[in-house]
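Structure, as structure tokens:
The values are calculated or read from the model by the stated rules, or taken from the named source; none is laboratory data. Given the structure is predicted, the values throughout are model-derived calculations rather than measurements. Note that each Cβ is placed from the backbone with ideal geometry, even for glycine, and that neighbours are counted across all protein chains shown.
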Amino acid sequence: MAEKKPTGTVLVAGAGISGIKAAIELAESGYKVILTDDSPQMGGILAKLDYQFPTDHCGMCRMLPLVGREYASQYCMRKSLFHENIEILPFTKITSVSGDAGNYKVDLLKMARSIDPAICNEMGECLDVCPVEVPDEFNQGLTKRKAIYQAVPHNTPKLLLIDKQACTRCGECLKVCTTNAINLDAEDEVETREVHSIILASGVKLYNTQEFEDAKSYAVSPDVVTSLAFERMLSGSGTYQGDVIRRPSDGRPAKNIAWIQCMGSRNRRQKRDYCSSICCMFALKEAVLAKEKGGPEVDTTIFYMDMRTFGKGFQQYRDKAVDEHGVKLIRCRVQGVMLKPDGSLQMRYLDPETNEFFVKDYDLVVLSTGQIPFETHKKWADLMNAPLDSRGLLDTEQSSKVRVAGKPGLFLCGSLMGLTDVSEAMTSGIAAAGEATKFLTALGVDTMQEEEIAEPAAHRRELPLVSVALCKCGEKTGTEGLDYELLSAELKRYPGVGAIHVIDSICKPDGETALVDILGETKCNRLLIGACQPFMYRRKLKNSARQAGFNSSMVEIFDLFGIARRGMVEPSTGDWTLRAAREVKSDIEKLKFKPELQVSTLPINQTALVIGGGIGGMQAALSLADRGVPVHLVEKEAHLGGYLGTQVEHTVDGLAPIAMATDMKLRVFESKNITVHLNCEVEKTVGTLGCFESKLHCKDSDENTYLHHGVVIMATGAHEGATTEYGYGASETVLTQAELKKGLASGDIDASEVENVVMIQCVGSRQKEGRRYCSRICCMGAIGNALTIKEKNPDARVFILYRDMMTYGFYEQYYTKARSAGIIFMNYSLDDKPQVEMVEGKPVVKFMDPVLKEEMELPADLLVLSTGVDPEESNQRLAEAFGVSLTEDGFLAEADSKWRPIEFQKVGLYLAGTAHSPMPLKSVLLQAEAAAQKAYTYLSGREVHTAAVTSMVKDALCIRCQRCVNICPYGARSYDEVDRCIKVDAAACQACGMCAVECQNNAAEVRGWSDKQLMAVIDAKLMDVLLSSTVG
Amino acid sequence: MAKFAKLSFKKDELNKELAAFSKRMLENSAVDAVLVPMAQTKKGVRLTLVTSADHTAQVDPFAPIAAVSGAKIASSLTSRPSGRKVAMVLRPCEIRAVVELAKLKQVNLDDVLLIGMDCLGRYENTDFAKFQEQGGTSESFLENAQAGKTSMSDFDIIGSCKICEFPTADNVDMRLCAIGAGNGAVFIEAITEKGEQALEKSGLKAGAAPAGRDEAVKKLVAVRTEARDKKFAEFRADTSSFEALADKLAACVNCYNCRVACPVCYCKECVFITDTFRHTGEQFMMWADQNGRLKMPNDTLFFHLTRLTHMSLFCVGCGQCTSACPNGIDLMPLFRTCADKTQARFNYQAGRSVDEEQPMAGFKSDELVEVTGQVK
């Protein structure tokens, strides 16, 4: 017998959203994850944010697994997370790491919480009596908390802890705690764990206005707050409970609010020559929300240097903020804030439109503070014995944002790459998990062997009979107004009830034993448990049920005490017992009519289809092939390489796309696992996750072949935009950036012969007609070309006419380098575009000097146009073939721009690269890795488990109106034209019930939530007379 | 621009001319079939599917009767399409129901030439028999009704027609125009390109528009709108409480005929006759226990309220529910008053346009905020 291989284990350090995402991905692939966080909470910065653009809602739960839902929690992630394969260790520091790739020993310092969450009954009386008050970190110090506290107000369970630094050991809390959950002498513990791979997801330190010198002239009053503090002022769980925004100093509503961008960032003197990437969108969103909360009369102004709206949908959000919400944007670096005697905040600024100085008073000033990355990177480098690059950041491999150079098995994701928005945090988390998966596969470790507790089939073929177990909660709250005797008597009379049990504390070991006994002995076939916090131990109880031979869907738990704790007593009489009786009765009804539910398995064809043979497509294909997955790689052209891999020699950040593509092509053709289909297009794809069939049309043979595969990755790319503006086409001296790049590389354009070069940015981009979006790569492209010219010919004069330089993140250094090299940057606005006249065959560029406000004329030897990135026209055909949608701009539309950036709405379809939106090569590679990982999650096994609760179709009742198909947010329903009926993709269905609501005659139904059940529940709730008083 | 062709007829020969028109449409392959009201062998007029040019003689589209809603027939003919072109001559209310059913994918308009006839009202089926016995014809009805006289000895056109503000059809390819056409003539109006091609194939020449038509339609709509508003006010006052509503429905025997007759109640099988509503004896007893008594059959009010929730957004006010009730309950005003409010809430009008999305057919996060209470 072969020796059992160890189970692959990965440590994810940091439980912010990218760490959580990486952990979930690994857990879904079957690996064991240890997820730690220094702080006592999960969720990182995002736990503090109620709102994310573009929806201005939360959406964190969208990162939960869609398939295999039974193994993870399925509720608000801001409350908590659960997954069978993830061990979550908040308040745990990594103190030392030894060993090497594939064999790390990690010392974990588990800091003492001083309160045992297993014993604490969360009544919170200790919070009331604690006399110590300190600033609450969760609200950025805007409010106070006790020394004994709950780190996140919406956490469930509450997970109280004691701040040891603040605690005075007065012992008041001990006096009120009835469960002896508090131990003031609890000590930190060190535990050594062995892991195969490590993912760093700690995020970075944020700029602190108290700490840094350059904030002194701004942070002059409590009414000057950071953007994160402002977020807490907006939040429903924050300082004002979601009410109108007021000034911290005097509580007056804030009517004039200003944002100052780049606080702490883009500051060369302070050695912070980087942009923090996310602050522009953060400020725009906050300004829109401030308007929505306070009404349109609230004045919101953002003072900025460049409004960096580079990502997908960013520019459109900016346009909406300005045009629809009236957010004002002023391009000016404000030098400081003056506190006037009346408390208002005065700022002096130069209006670039009029070139005049203005002085204006504000009620509230928000500083858009960014990242302080070097400390965090240094700490990890020391701990991991990993190299730092010349900038002082963890050195990553040139073609990967997540692989740490020279350290196999060590990866990073999230804001360690530079502050990232939600979408990039997700993508990098998935990609890091993908890299770890590849590493673990190569290492030869195993995935978790599923512990099979088989779901028992039909219990007994008999009429429903419910056993009710009521918890007394250790007599503590149970005696306050809840008459167990009356309640038991009442329930005993209720039709369908077989037995009533009152148990002292169901959550305690004794209680558990009592329940298991009941399950073992009962003559009933259904069990209803009335206790508290149902989802905390639902899983444990359901397992006990299975062991006792019960189908776990026959056990329901409901929150008996929540009724009283939320003040939900009987409205007419204030009677808790009466109310409880109603609640129990309605739950009995639900359980009585509930069918036994089973998880089903779907077979998986462990083959992938990758569409697009560019760098992104090849990367995704190779990534899967490396893990042993067979891949069909389809390319519509006669050769691989795509746009970048055939047209672009090198990029500003030192990548060489053509060389990279050449190398990849070799590997693709050498791979046993990849079948390349050149000159082919996919015409139609049918099927669902695990079993797709695609009709492939080959242009060479004019024949169709049919491919069978389990998932699809679309990486169909994009291309440089075309233009007729600025005299393009009239002369060889007017050309696009790509043409210039090619010319410079081939030597067709001799840089030493040019004197004046003018580049115009945003040609046809970021405007209402044409491309509405920012093409993200043109600013870096222009800088790259300009630097090449300058290197060859330092005397050449290069002018770049721009609207906003989109050198976000660490790309800022190239902008700095370009300015140092003498490249001249001139700003122009959309309503005053440069004019080009051809004089003797040469372009002359006329534009307004932004500083002097004078018309300038520049005769140019070369006029270079940044014409942006256009989506492929074939996207339309692709969208139709796969039943996916496009954005208004013609790019492929992902399921959710923030939380599911590389997935389509339909499970099993993924996208990567510029088919998603314009992006630099490194981001393409990152997305390709992430898409491959998403695909691998399902391809790694022969089957996937669906959830027990999914929707279904009662075909005899169905009228085929297809309203359910249109309304399903997960693309789980479709109309089968061959069978002429509605079909449900059980893997994609999330049981949200939208179809059941939409369907008028009950043909669409969610298992376990039938109309019959629900009407019985409503009936029971409406009964207002105790049976004991009418019959008997 | 619409084209009009005048169809003059001698006394008692209106249907002869319309039959000739239908015959030419079939002969010249403008369509492969015509669905048109036609006199039956002995008595009555019913929609009839004609595929042979030799069988058009009995057509009688203006007969003031609609025994079964034509929209239901249109659904039967096209929801699983034949692939053959069919002209459907229907009343405005039937056309509006067809529009709703098309959106619900119960009607497929791909191969349909929709012809809407002017409607001055219809009689109940039993009354139509009397109308014929008393010598009434489509010609006499058109003439009298245009003069404002629809009542006969002891009966009149049905209540829903009296308050119908849509005497002419929209969303059609052609119209059969009687209102304001003058004596001895009706007009055939081609509206869409499809309609014009059909008109050309029918061999009729386009000419002047009927001079008095617009004015006559306007006048009629004004009269009916006034009657509608009066009816709404009366009915609302009459049903201001659950008890009052229950009284209105007192004669109901839960036969569900109203829902069978309703053209937009499109379910194959009503939820009320499925297992969901097949209660146990134990359940009935518990309900009875609540108040010490339970009216049987139960769920009467529930049924009608459910139908109101399901259908009022699509209700076209055809009055088939009232016609179908074996116990004489006038359900039409209940549906129309309710539809008046629900459709207005969504700025929707059943049958107005095929392209308008039906309300509640999609999930909109910013819809009905006052009901959902959703706040940011």
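Here is how the numbers come out for the structure above:
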read-out: The stretch A:520-551, subset aliphatic (A, V, I, L, M) and modelled with pLDDT of 85 or more, residue farthest from residue A:470 (Cα to Cα); value: A:527
read-out: Members of the stretch A:670-688 found to be within 22 Å of residue A:645 (Cβ to Cβ), of a type outside the set (Asp, Glu) and touching a strand residue (DSSP E or B) at 6+ places or on another chain (Cβ under 7 Å), listed by number; value: A:673, A:674, A:675, A:676, A:677, A:679, A:680, A:682
read-out: Residue check for residue B:364: exposed (fewer than 15 other Cβ atoms within 10 Å of the Cβ), within 11 Å of chain A (Cβ to nearest Cβ), among the basic types (Lys, Arg) and out of contact with any Pro (no Cβ under 9 Å at 6 or more places or on another chain); value: yes
read-out: Unique match (being modelled with pLDDT of 90 or more and in contact with a helix residue (DSSP H, G or I) (Cβ under 7 Å, 6 or more places away or on another chain)) among A:89, A:46; value: A:46
read-out: Pair list, Cβ under 9 Å, 6 or more apart: the stretch A:203-220 residue without any contact (Cβ under 8 Å) to a residue 40 or more places away in the chain, other residue small (Gly, Ala, Ser) and assigned to a loop (DSSP other than H, G, I, E, B); value: A:210/A:219; A:216/A:336
read-out: Test: residue in the stretch B:335-357 that is in contact with a Phe, Trp or Tyr (Cβ under 9 Å, 6 or more places away or on another chain), within 14 Å of another protein chain (Cβ to nearest Cβ) and either surrounded by fewer than 18 Cβ atoms within 10 Å (Cβ to Cβ) or more than 30 Å from residue A:50 (Cβ to Cβ) (or both); value: yes
read-out: Some residue of the stretch A:823-842 being closer than 21 Å to residue A:920 by Cα, without any contact (Cβ under 8 Å) to a residue 60 or more places away in the chain and of a type outside the set (Phe, Trp, Tyr); value: no
read-out: Tally of residues being outside any strand (DSSP E or B) and crowded, with 24+ Cβ neighbours inside 10 Å across the stretch A:410-419; value: 6
read-out: Residues (β-branched (Val, Ile, Thr) and either more than 8 Å from chain B (Cβ to nearest Cβ) or out of contact with any Asp or Glu (no Cβ under 9 Å at 6 or more places or on another chain) (or both)) located in the stretch A:985-1026; value: A:997, A:1006, A:1017, A:1018
read-out: Test for residue B:80: is it under 21 Å from residue B:160 (Cβ atoms) and outside any helix (DSSP H, G or I); value: no
read-out: Within the stretch A:155-179, considering residues that are assigned to a loop (DSSP other than H, G, I, E, B) and of a type in the set (D, E, K, R), the one surrounded by the fewest Cβ atoms within 10 Å (Cβ to Cβ); value: A:169
read-out: Count - residues of the stretch B:180-213 that are in contact with a Pro (Cβ under 6 Å, 6 or more places away or on another chain) and either over 28 Å from residue B:350 (Cβ atoms) or not in a strand (DSSP E or B) (or both); value: 2
read-out: Criterion (part of a strand (DSSP E or B) and crowded, with 17+ Cβ neighbours inside 10 Å) met by exactly one of A:826, A:838, A:806, A:856; value: A:826
read-out: Lone qualifier among A:237, A:202, A:221, A:217 - being buried (at least 22 other Cβ atoms within 10 Å of the Cβ) and assigned to a loop (DSSP other than H, G, I, E, B); value: A:202
read-out: Residue match in the stretch A:931-942 (condition: charged (D, E, K, R), more than 30 Å from residue A:648 (Cα to Cα), in a loop (DSSP other than H, G, I, E, B) and more than 14 Å from chain B (Cβ to nearest Cβ)); value: yes
read-out: Which numbered condition residue A:49 misses (of (1) in contact (Cβ under 8 Å) with a residue 60 or more places away in the chain; (2) of a type in the set (A, V, I, L, M, F, W, C); (3) more than 25 Å from residue A:416 (Cα to Cα)); value: (3)
read-out: Any hit, the stretch A:977-989, residues being surrounded by fewer than 19 Cβ atoms within 10 Å (Cβ to Cβ), at pLDDT below 90 and under 23 Å from residue B:361 (Cβ atoms); value: yes
read-out: Subset of the stretch A:644-674 (residues that are within 16 Å of residue A:778 (Cα to Cα), assigned to a loop (DSSP other than H, G, I, E, B) and within 33 Å of the chain's Cα centre (by Cα)); value: A:648, A:650, A:651, A:652, A:653, A:654, A:655
read-out: Residue within the stretch A:946-965 that is within 28 Å of the chain's Cα centre (by Cα), within 14 Å of chain B (Cβ to nearest Cβ) and not aromatic (Phe, Trp, Tyr) present; value: yes
read-out: Matching entry among B:274, B:309, B:322 (being more than 24 Å from residue A:1011 (Cβ to Cβ) and either more than 9 Å from chain A (Cβ to nearest Cβ) or under 30 Å from the mean Cα position of the chain (by Cα) (or both)); value: B:322
read-out: Residue among B:216, B:244, B:233 that alone is in a helix (DSSP H, G or I), among the small types (Gly, Ala, Ser), in contact with a helix residue (DSSP H, G or I) (Cβ under 8 Å, 6 or more places away or on another chain) and closer than 27 Å to residue B:167 by Cα; value: B:216
read-out: Residues of the stretch A:629-661 classified as out of contact with any helix residue (DSSP H, G or I) (no Cβ under 8 Å at 6 or more places or on another chain) and either without any contact (Cβ under 8 Å) to a residue 12 or more places away in the chain or under 25 Å from residue A:692 (Cβ atoms) (or both), total; value: 6
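For every residue, the table says whether it meets (1) of a type in the set (A, V, I, L, M, F, W, C); (2) within 30 Å of the chain's Cα centre (by Cα); (3) in a strand (DSSP E or B).
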site: A:336; (1), (2), (3): no, no, no
site: A:341; (1), (2), (3): no, no, no
site: A:360; (1), (2), (3): no, no, yes
site: A:366; (1), (2), (3): yes, yes, yes
site: A:379; (1), (2), (3): no, yes, no
site: A:401; (1), (2), (3): no, yes, no
